Amino acid sequence: MVRIAWRMLTQRPASMLATFLALWFAVVIVTMCGAMLESGVRYNGTVARYAAAPVLVATTDLQVAFGSRQEPDTERYPLAERGRPNPSPPARITAAPGV
């Protein structure tokens, strides 16, 4: 068995190199996917962008517009379901500075 492998290595070095490179790229891709999966699972970041906002009003979907001005096209992407707002914030919204 070792003799067959040795003949393969000596008579076809390009095949051996191509096999080695293919396996190396496969290992790199699987490792990168695992690292991205782990970082996504373990990420516990805070939302700093809206941290200082007194009130945040959000919608249930995201609209992305693209195309020309003459023929605009939009796509809608649903967002995660959020809880219903409390009816008392309109008084806080109107009392916020700059509103």
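The values are calculated or read from the model by the stated rules, or taken from the named source; none is laboratory data. Model, not experiment: these values are computed from the prediction. Note that we place each Cβ from the backbone using ideal geometry, even for glycine, and neighbour counts take in every protein chain shown.
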Given the conditions (1) at pLDDT below 75; (2) in contact with a helix residue (DSSP H, G or I) (Cβ under 7 Å, 6 or more places away or on another chain), every one holds for T46 apart from (2)
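Residues checked against (1) surrounded by fewer than 10 Cβ atoms within 10 Å (Cβ to Cβ); (2) assigned to a loop (DSSP other than H, G, I, E, B); (3) among the hydroxyl-bearing types (S, T, Y); (4) modelled with pLDDT of 70 or more:
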| site | (1), (2), (3), (4) |
| --- | --- |
| T19 | no, no, yes, yes |
| L23 | no, no, no, yes |
| Y50 | yes, yes, yes, no |
| L62 | no, no, no, yes |
| R69 | yes, yes, no, yes |
| Y77 | yes, no, yes, yes |
| N86 | yes, yes, no, no |
| I93 | no, no, no, yes |
